[in-house]
1. At 7 Å along Cα-to-Cβ for each site, give me the label-to-label distance between residue 307 and residue 227 in nm.
2. Distance in nm between label sites at residue 207 and residue 366, each 7 Å beyond Cα in the beta-carbon direction?
3. Can you compute the FRET efficiency between residue 298 and residue 29 using 1/(1 + (r/R0)^6), with r the Cβ-Cβ distance and R0 = 22 Å? Round to the nearest 0.05.
4. Kirkwood Rh and Cα-based Rg: tell me the resulting Rg over Rh for segment 89-186, rounded to two decimals.
5. Based on the alpha-carbon set only, what is the convex hull volume of segment 142-273 divided per residue, in Å³?
6. Can you give me the angle between helix 107-116 and the longest principal axis of the chain, using Cα atoms only, in degrees from 0 to 90, rounded to the nearest 10?
7. Starting from the Cα of residue 147, step 7 Å along the direction of its Cβ; do the same at residue 440; then give the gap between the two resulting points in nm.
8. Just to confirm, what accessible area per residue do you get for segment 160-221 at 1.4 Å probe, in whole Å²?
Amino acid sequence: MKKTLTLLVLSLYCTILMAQKHNVSKQYVPPGDSLVEKKITEWQDLKFGLFMHWGTYSQWGVVESWSICPEDEGWTQRKGPYGATYNGYKAAYENLQTTFNPVKFNPEKWVKAAKDAGMKYVIFTTKHHDGFCMFDTKETDYKITSTKTPFSSNPRSNVTKEIFNAFRKENFMVGAYFSKPDWHTENYWWTYFPPKDRNVNYDPAKYPERWQKFKDFTYNQISELMTGYGKVDILWLDGGWVRPKSSIDTTIDWQRGIKYDQDIDMPKIAAMGRQKQPGLIVVDRTVSGQYENYTTPEQEVPEVPLDHPWESCITMGNSWSYVPGDNYKSVQQIVQLLVKIVSRGGNLLMNIGPGPDGDWDPVAYERLQGISAWMKINGEGIYSSKSVAPYSTGNIYYTKAKNDKAIYAFMLADQNKVVLPATISVKVNKPKRVTLLGSKQHLKWKQQGDGIVISIPAGLQQNSGLNEAACFKMEY
């Protein structure tokens, strides 16, 4: 994941993105597997998921993996006592394995908080670009279960298995984030050459046997995750520069830097994954085609619905990984992000980075509690909904029930407390009944132009008891 450098505040998700930036309808390829298509439909109904970036880097409170990448970008800066030389820094970074001991690790605590907040699926980083494995792989000793890692003696050291099992018990869909590039293995960054950038540091066409070893390594690790970790619903692949050269989009800056064909044989990987996990959703992000079963706009909200399945992956704080004292978004910001994304037909995958002790920042729990209170009142307008024109008008955002029997209009508050106006205009056809979620009153309304005007009783205007956003339900 690319490091976010600027504060992602409320203005970020008000920023309009042109639809064509993410609308890859001409390139999107339906999976053509009925089990996969069924699971995608089920996943689209979930709307709200938990993302977790976690690894040894949490001990330094630095960006995940990127500080060992020899590129001169804002998110790759090497700082601290080891920052003077690249080789010294990378050695110290990889030595973090020997001190990683997250003794407060308790996935059931995370499950409870996430479930209460209305989250329905989880994506966990089994391995990021640095190559450190948060699962018990047999392909490398650079892993949390290695005897080099203090936490290996803990009975719950195979944290990926523990997390998957804990969330699965509460009926979450489970997804494995897996980085295709691996900056630790010598078959990607061969030690004969210095790494030059994020890409493989040798020409795979010139050294095909070495590249084949890397392909086998990648295949074997994914096979392990598909075999020994229970039911897996999503394989979420990151590091889109590892791709066939023919798939490079030269209009995208970072893709122009890919010099070599880095084909890892996705047809073989996907076939294996689906043989072991029937219906597996594969997200080969940024590589348009058969294996990008849904797209993943990062830290962004599209202006209009996309014509294919998608989720926005967005951080709760400023960073993907744990940073002490991170600036977490308010409950109001998160709720309104969710509403905007769902009104466009997408899902919100919200990231929380666990700390080096194995727990979240207390602020993350506070935010989830606030979201929980809102979802308990308004969740019916979020789950199993679909987008409906005009999608939004001013600060009103619309969703439609899957059975077409109700339209929901969310009025976003400009402060934490909802203060309702005397009347509110909503762009819907003539309904049978209008109510405000959280209130039992039937509201009066009248037709006006191409919409209706809802009258709000005086008692509700200042004392609705609602926060962040109010939701009007129009029944048909």
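The values are calculated or read from the model by the stated rules, or taken from the named source; none is laboratory data. Predicted, not measured: the structure shown is a model, and the values here were computed from it. Virtual Cβ from ideal backbone geometry, glycine too; neighbours counted across all protein chains shown. Surface accessibility is based on the protein's heavy atoms, side chains included, excluding ligands, DNA and RNA. Shrake-Rupley method; radii C 1.70, N 1.55, O 1.52, S 1.80 Å.
1. 4.2
2. Result: 5.0 nm between the two label points.
3. For R0 = 22 Å, the calculated efficiency reads 0.55.
4. Taking Rh as the inverse mean 1/r over Cα pairs, Rg/Rh reads 1.00.
5. Expressed per residue, the convex hull around the Cα atoms of segment 142-273 is 136 Å³.
6. Roughly 20 degrees between the two axes.
7. Going by the 7 Å Cα→Cβ label model, 6.7 nm.
8. 43
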